[in-house]
1. Roll a 1.4 Å probe over the protein chains and send me the accessible area per residue for the range 158-282 in Å².
2. Using a 1.4 angstrom probe on heavy atoms only, work out the carbon and sulfur share of the accessible area of the range 299-353 in %.
3. Under the 0.36 nm per residue contour assumption, what length would be gained going from the current alpha-carbon distance of Glu256 and Ala342 to full extension?
4. How high is the relative contact order of the range 294-343, in percent, counting Cα pairs under 8 Å that sit 6 or more residues apart?
5. Any idea what the relative contact order of the range 189-282 is, in percent, if you count C-alpha pairs under 8 Å spaced at least 6 apart?
6. What's the carbon and sulfur percent of the range 76-210's accessible surface, probe 1.4 angstrom, rounded to a whole number?
7. Return the distance in nm (one decimal) between the two label points of a simple spin-label model at Glu247 and His105, each offset 7 Å from Cα along Cα→Cβ.
8. Checking the cross-link filter: which lysines have an alpha carbon closer than 21 Å to that of Lys199, excluding same-chain neighbours under 8 positions apart?
Amino acid sequence: RTPAPGSSCAESNQVAPGAGVRARVRGWQLPVPLAMLSAFRHRQTSSCSSASAGPGRKFKCSVLGATGGIGQPLSLLLKLNPRVAELTLYDVSLLCTGVAVDLSHIATGAKTMGFVGDDLKKALEGCDVVVIPAGVPRKPGMTRDDLFAINASIVKTLITGCAEACPNACILVISNPVNSTVPVAAETLKQKGVFDPRKLFGVTSLDACRARTFVSEARGFDPLKTKVPVVGGHAGNTIVPLLSQAEPATTFSDAEQDAMTKRIMFGGDEVVDAKAGHGSATLSMAHAGAEFADRVMAGLTGEVGITECAFVHTDKVAGCQFFAMPVTLGKEGVETVHDYGAINAHEQKLIQEMLPELICQIQKGIDFAATN
């Protein structure tokens, strides 16, 4: 079940020469279509340190839950990322080996292999970054809490594998409900004696992506130059977009603010309803997860000034062990957890009203890890 090095799951580290126009991305030659498909902007700024100059450090990444609706496009986007030297895919489904072979035919530098069943630790050995989209998706009428009993067990099993095979890896949890699965992950790592709060992230970047998209559409901004911090948690009312901090600066009437906030909070429901029982937000989540993984890798290389919102362990909010905050990323993962800064009365009210719910969801994850 486990492809050996040199089998059909492995591929050359060289991009095959070919005719036609090509685009250069951080020293790699990619055909223009691949460059266009890439989800990453690969920011080249003067703020980058010398550690990121030239080809830069390459990473071994793993996607756990690689055959699912998020896992497959996420794996594709990581395969296209020139920061990735090795990409391992893991799933309980035998399809995982085939997905890996399929990806291995794409001419990028990331050697790709698939693992299934009992080979979790083989997939994780030596990994620098692990992304976990595994679990069951939401269906119409389901809340993120409805997913908890199933997905919490899955996350605990996968995190146990991480603790044993790659204890120093940065772990990016996508599996819902993030407000509870991240605490499950933290407690599991603590039980194994390897918890490092700098290296555990709940991926909330889709909330910021939606905020950026919706605000830019409403105001006619360039979405790639629009920023909207989103703090709190990653479920319904716990998602708090800070529209008052939007860049470029803009203002909203009370009605506009309410409508925009609710659309960002419940953007996942919009997708679930539109798919009419046939799935949840998979493609947009894969994009957001892959982009966040890219930013984590950029920080690990030593690039400076990289700040993204993520659900992390923090004492910034009284009574709340985890909170989505702007986080500066560095060579060891989280370098600095920032305060959310000056906010308006509407945003302050949203945070205060949702805090008891978020604290309860966090405790639910902690309790599960302690008793399972």
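1. Roughly 37 Å² per residue, with all protein chains present.
2. Carbon with sulfur: 50 percent of the solvent-accessible area.
3. Extra length available between Glu256 and Ala342 comes to 28.9 nm.
4. Relative CO of the range 294-343 lands at 35 percent.
5. Relative contact order comes out at 21 percent.
6. The value for the range 76-210 is 56 percent carbon and sulfur by accessible area.
7. Once both label points are built, they end up 4.3 nm from each other.
8. The qualifying lysines are Lys58, Lys60, Lys121, Lys122, Lys156, Lys190, Lys316, Lys331.
The values are calculated or read from the model by the stated rules, or taken from the named source; none is laboratory data. Only a predicted model underlies this, so the values are computations on that prediction, with no experimental measurement involved. Don't worry about glycine lacking a Cβ; one is built from the backbone with ideal geometry, like all the others, and counts go over all protein chains shown. Just so you know, the surface numbers come from the protein's heavy atoms only, side chains and all, with ligands and any DNA or RNA stripped out. Shrake-Rupley method; radii C 1.70, N 1.55, O 1.52, S 1.80 Å.
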